[in-house]
Amino acid sequence: MCGIVGYIGHQEAYPIIIKGLQRLEYRGYDSAGIALYEDGEIHVSKTKGKVEDLKKKAENAANTLGVLGLGHTRWATHGVPNDTNSHPHYSNSGDLVIIHNGIIENYESIKKALQKRGYEFKTDTDTEVLVNLIEEVKNKEGVKLGKAVQLALNQVVGAYAIAVFDRTKPDEIVVAKLGSPLAIGIGENEYFIASDASPFIEYTNNAIYLEDEEMAIIRLGKEIKLRKIKNDAIAYPNILELQLNLEEIEKGGYDHFMLKEIYEQPRAILDTYRGRLLANEGIIRMAGIDQNLEKFLNANRIIIVACGTSWHAGLVAEYIFEDLARIPVEVEYASEFRYRNPVITENDVLIAISQSGETADTLAAIKLAKEKGAFVFGVCNVVGSSIARETHAGAYTHAGPEIGVASTKAFTTQITVLTLIALKLASEKGMFSASKFHEILTELEGIPGKVERTLESNDLVAHISDTYKDSTNCLYLGRGYNFPVALEGALKLKEISYIHAEGYPAAEMKHGPIALIDEQMPVVVIATKKGHYEKVVSNIQEIKSRNGRIIAVVTEGDKTVKELADHVVEVPETLECLTPLLTTIPLQLLSYHIAVMRECNVDQPRNLAKSVTVE
Ligand code: M6R
């Protein structure tokens with residue numbers, strides 16, 4: 001959580017940092033701040049609220065012509081979101097300024113020790129403790145800033161991506177990383193620092209992603225120096241040429257990123273299987289799987305770990321792997337898995353799913369599985385992310401940047417990758433005839449077109465949303481492959497419209513939730529033709545006889561459910577295992593429209609952040 005931006009070079013730092021912070025607001029948006037250096041002075045502006053609020057307050061900073069600065073957009077961990085606790089923080093002397101994404105777990109003991117030695121603290125943050133620790137080490141040891149940062153970091157426990165500069169030496173920024181992402185953009189005699197590449201992609205495509213336990217000393221006119229934080233060993237920068245372009249991270253005419261990302265799904269799914277799915281040849285080509293085929297084929301079981309929406313994609317994958325490839329699968333919340341002393345053996349394959357590739361619990365689960373000797377495979381969207389680097393092998397989803405906090409295209413592209421993997425393993429295990437395999441591949445190839453058709457229901461879904469926008473509760477039901485879709489629909493509604501919603505396997509309704517049903521209760525039921533259709537129709541009848549309001553997602557041409565439900569939204573017919581890729585679309589649109597009608601902040605829902613880098 002939290003987004004960090006820094007700049008040192010020859011351009012005015014203020015507009016670069018402010019624009020960068022706006023692009024990183026998906027990482028946290030409860031407060032924001034900026035520190036700019038000019039003529040021996042540091043100008044700091046910070047405020048509770050969003051970057052827009054900071055812009056109003058930062059007139060002083062906006063007027064500086066400083067070419068060195070740091071900015072921060074916060075998701076509070078230590079200390080409530082208020083002006084004082086906002087970053088940047090500075091040291092007692094006022095010389096050192098820091099921005100920090102992460103948590104210093106032992107900050108209280110360090111703080112007490114510093115207080116005993118005369119340090120004073122104005123904020124409740126762990127970050128202010130860190131900057132003062134750096135200052136104390138610097139003065140006590142008589143070392144330069146880089147060394148002081150290194151020595152101080154060796155005393156802290158926790159996670160961090162930090163950037164620090166010293167008022168008395170304004171040609172240098174020191175950065176360090178452990179557990180939180182940090183990228184350095186390299187321009188012509190200028191450097192950019194950011195939590196991801198979006199703040200600097202319009203200036204340079206060349207970037208270094210720091211590895212965990214690495215730090216860098218960035219000095220104008222000099223080459224970047226990389227060091228290992230623990231043992232001072234020199235590290236060699238791996239300069240990547242990024243493929244990202246600016247258009248991908250802008251709204252492109254849509255009112256919200258979420259809507260843009262919903263509409264991007266046909267293209268995103270196609271990009272996910274492009275070059276991997278060769279339907280005519282009856283081949284699936286995925287380097288990460290091809291090179292590790294034996295590991296998958298000989299695995300006792302596959303364990304899938306993830307959080308939130310990615311966990312729902314994992315649940316869909318469980319159905320696909322077991323149904324098509326007959327490989328046993330267990331799906332775990334990463335946050336539970338990492339702490340429950342799970343049985344993991346060398347014959348297990350662990351698949352970690354994460355859009356951001358930075359989710360702290362998922363990363364910790366990966367590390368645990370690696371320690372126990374399991375083979376670990378990542379399914380991530382963000383190229384070069386921590387999870388992508390930490391896993392033995394993996395497959396990117398290629399969804400493009402997802403900025404809206406509510407995951408949409410990440411979900412469908414994760415399912416696409418996982419479907420490709422399951423199909424590949426199934427075919428290697430000889431589970432299908434060549435013609436059956438060809439039929440499934442061809443159907444998958446046609447999914448982007450069917451998603452496109454499903455998106456045509458947007459106006460209808462907006463109309464339905466108007467009827468239910470003032471509901472206080474909502475139930476989502478699905479069976480089989482569409483049970484995880486029900487969970488995902490409920491999560492979408494909860495997180496962006498703040499309406500309480502629950503997802504259930506349709507048949508479980510009579511074991512409790514049926515008691516909730518009355519004429520006020522909207523029930524969204526996924527009732528596509530394949531997959532327990534008759535049984536779901538019976539569930540719909542049970543809801544109807546209790547006067548519940550039924551919104552059904554059905555297969556095109558369905559007549560039976562149409563007679564029972566209050567509203568139906570059609571999706572094109574497809575194979576049962578591929579239905580989640582279609583049925584999820586109306587549910588995304590429903591939550592989107594309801595949230596807009598309730599005047600909620602769709603892209604930045606309260607209390608949330610896109611990337612959950614704290615546990
Ligand atoms: O980046 P990840 O996929 O690891 O993120 C996991 C969850 O935090 C994420 O899916 C979250 O639940 C979304 N806000 C859901 O829309």
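Applying a DSSP loop filter and a limit of 12 other Cβ atoms within 10 Å to the trypsin sites (Lys or Arg not before Pro) in segment 325-385 leaves ARG326, ARG340. Using the rule -39500 (n - 2.57) for each DSSP H run of four or more residues, divided by the residues of the chain, the 222 nm mean residue ellipticity is -10500 deg cm²/dmol. By the gyration tensor of its Cα atoms, with a ≥ b ≥ c the square roots of the eigenvalues, what is the shape of the chain: rounded for a/c under 1.5, prolate for a/b over b/c, or oblate? It comes out prolate by the Cα gyration axes. Kirkwood hydrodynamic radius computed over segment 534-583 comes to 11.4 Å, based on all pairs of distinct alpha carbons. Straight-line reach from LYS57: taking Cα to Cα under 24 Å and skipping same-chain neighbours fewer than 8 places apart, the lysines in range are LYS19, LYS46, LYS48, LYS122. Normalised Debye scattering of segment 2-139 at q = 0.12, 0.16 Å⁻¹ gives log10 I(q)/I(0) of -0.43, -0.76, counting only Cα atoms as equal scatterers and leaving out solvent.
Summed over all non-identical Cα pairs, the Kirkwood treatment of segment 342-455 gives a radius of 15.6 Å. Cross-link pairs exceeding 20 Å between alpha carbons, from the set LYS116/LYS147; LYS177/LYS367; LYS251/LYS610; LYS469/LYS492; LYS295/LYS429; LYS494/LYS559: LYS116/LYS147; LYS494/LYS559.
A simple packing score, the average count of other Cβ atoms within 10 Å per residue, orders the peptides 240-246, 580-586, 6-12 as 580-586, 6-12, 240-246, with the highest score first. Averaging Cα coordinates gives a centre for segment 453-483 and one for segment 158-186; these two points are 45 Å apart. The magnitude of the dipole of segment 488-615, with charges of +1 and -1 set on the Cβ of Lys/Arg and Asp/Glu and taken from the Cα centre, is near 100 debye.
So for the chain, averaging the separation of alpha carbon pairs under 8 Å that are six or more residues apart and normalising by length, what relative contact order in percent results? Could the numbers behind the result be given before it?
Working: 1408 pairs, mean separation 71.6, N = 615.
Taking the mean separation of contacting Cα pairs over the length of the chain, I get 12 percent.
Starting from segment 522-586, pick out the trypsin sites (Lys or Arg not before Pro) whose DSSP state is loop and whose Cβ has at most 11 other Cβ atoms within 10 Å. Don't skip to the answer; put the middle values down first.
Working: sites: LYS529, LYS530, LYS535, LYS544, ARG546, ARG549, LYS559, LYS562; in loops: LYS529, LYS530, ARG546, LYS559.
The qualifying sites are LYS559.
Starting from segment 454-554, pick out the GluC sites (Glu not before Pro) whose DSSP state is loop and whose Cβ has at most 13 other Cβ atoms within 10 Å.
Details: sites: GLU456, GLU488, GLU495, GLU502, GLU508, GLU519, GLU534, GLU542; in loops: GLU456, GLU519.
Taking segment 454-554 and a limit of 13 other Cβ atoms within 10 Å, the loop GluC sites (Glu not before Pro) found are GLU456, GLU519.
Between LEU350 and ILE303, PHE375, VAL376, PHE377, the built amide H atoms are under 5 Å apart, and every one of these is 5 or more places off in sequence or on another chain. Placing unit charges on the Cβ atoms of the charged side chains and taking the dipole of segment 470-615 about its Cα centre, the candidate lying farthest along the positive direction among THR574, ALA490, ILE543 is ILE543. Kindly work out what percent of the DSSP beta bridges joining two residues of the chain are antiparallel, to the nearest 5. If we restrict to bridges inside the chain, about 60 percent are antiparallel. In this simple spin-label model, placing a label point 7 Å from the Cα along the Cα-to-Cβ direction at both ILE283 and GLU563 gives a separation of 5.1 nm.
Toward the positive end of the charge dipole of segment 106-262, with +1 on the Cβ of Lys and Arg and -1 on the Cβ of Asp and Glu, the farthest Cα among LEU246, MET258, GLY179 is that of GLY179.
With +1 on each Lys and Arg Cβ and -1 on each Asp and Glu Cβ, and nothing else charged, work out how big the dipole of the chain is about its Cα centre, in Debye to the nearest 20. If you can, show how the numbers build up before the last one.
Details: 65 positive and 84 negative charges, 192 e Å.
With only Lys, Arg, Asp and Glu charged at Cβ, the dipole is about 920 debye.
Here segment 334-389 and segment 237-309 have alpha carbon centers that stand 17 Å from each other.
The modelled label-to-label distance between ASP255 and LYS429, using points 7 Å beyond Cα along the C-beta direction, is 4.6 nm.
Ordering VAL157, HIS392, ALA61 by the projection of their Cα atoms onto the charge dipole of the chain, which places +1 on the Cβ of Lys and Arg and -1 on the Cβ of Asp and Glu, puts VAL157 at the extreme positive end.
The length gained on full extension between ALA113 and GLU542, counted as 0.36 nm times the residue separation minus their Cα-Cα distance, comes to 148.0 nm. Of the solvent-accessible surface of the chain, computed with a 1.4 Å probe over protein heavy atoms with every protein chain present, carbon and sulfur atoms account for 47 percent.
By the compact-protein rule of thumb, 2.2 N^0.38 Å, the alpha-carbon radius of gyration of segment 226-290 corresponds to a ratio of 1.81.
Extent along the principal axes, Cα only, for segment 430-476: 51, 23, 9 Å, with the longest axis given first.
Quick check for me: using +1 on Lys/Arg Cβ and -1 on Asp/Glu Cβ, what's the dipole size of segment 1-99 about its Cα centre, in debye to the nearest 20? If you can, show how the numbers build up before the last one.
Numbers: 10 positive and 11 negative charges, 90 e Å.
With only Lys, Arg, Asp and Glu charged at Cβ, the dipole is about 440 debye.
The values are calculated or read from the model by the stated rules, or taken from the named source; none is laboratory data. Everything quoted here is computed from the prediction, not taken from an experiment. Methodologically, a virtual Cβ is constructed for each residue, glycine included, from the backbone with ideal geometry; neighbour enumeration extends over all protein chains shown. Calculation scope for accessible area: heavy atoms of the full protein, side chains included, ligands and nucleic acids excluded. Shrake-Rupley method; radii C 1.70, N 1.55, O 1.52, S 1.80 Å.
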